[in-house]
Amino acid sequence: MKPTLKVQLRQTRKALREFCNDIEAAGIENLRSDWPDLLVTYEHAKHAMGEKHESEIIRQSYPEEKCPDCNAEPIPRWIIEGDGCQNCGHVFCVPRKND
Ligand SMILES: [Zn+2]
């Protein structure tokens, strides 16, 4: 018997969640050099769930998605917390609620 739409939606959400958890367990820092295409799929999966991934949250927390110190290069797409600016060494981090 074909599952109902509601069941399909629940199964799809579950699969997306599992996929995202697996990607996060593997780590953006490990995947960005070897599997950048997989991270694009991960980004699509996060958006499908109405969420943003860490790199996106970091980038969008800075004005014009640029380094606040040197305002030079745009922040790389797959930035992770603790990465330094290529130009001036500014360390990027995830915005905290209590900042
Ligand atoms: Zn900089």
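Quick note: the coordinates plus some simple rules give every number you see, no bench work behind them. Only a predicted model underlies this, so the values are computations on that prediction, with no experimental measurement involved. Ideal geometry is used to build each Cβ from the backbone, glycine not excepted, and the neighbour counts take in all protein chains shown.
For A72, the criteria (1) in contact with an Asp or Glu (Cβ under 9 Å, 6 or more places away or on another chain); (2) hydrophobic (A, V, I, L, M, F, W, C); (3) within 16 Å of the ligand (Cβ to nearest atom) hold in every case but one, which is (1).
Being more than 21 Å from Q11 (Cα to Cα), among the small types (G, A, S), in contact with a Lys or Arg (Cβ under 9 Å, 6 or more places away or on another chain) and not in a loop (DSSP other than H, G, I, E, B) is a description that applies to S55.
Limited to the stretch 78-99, what total is found for residues that are within 16 Å of the ligand (Cβ to nearest atom), more than 19 Å from E43 (Cβ to Cβ) and either without any contact (Cβ under 8 Å) to a residue 24 or more places away in the chain or touching a helix residue (DSSP H, G or I) at 6+ places or on another chain (Cβ under 6 Å) (or both)? Qualifying residue count for the region: 9.
Scanning the stretch 58-84 for residues that are under 21 Å from G27 (Cβ atoms) and part of a loop (DSSP other than H, G, I, E, B) turns up S61, I75, P76, R77, W78, I79, I80, E81, G82, D83. Kindly indicate whether K2 is assigned to a helix (DSSP H, G or I) and either closer than 21 Å to G84 by Cα or out of contact with any helix residue (DSSP H, G or I) (no Cβ under 6 Å at 6 or more places or on another chain) (or both). Spelling it out, it is not the case that K2 is assigned to a helix (DSSP H, G or I) and either closer than 21 Å to G84 by Cα or out of contact with any helix residue (DSSP H, G or I) (no Cβ under 6 Å at 6 or more places or on another chain) (or both).
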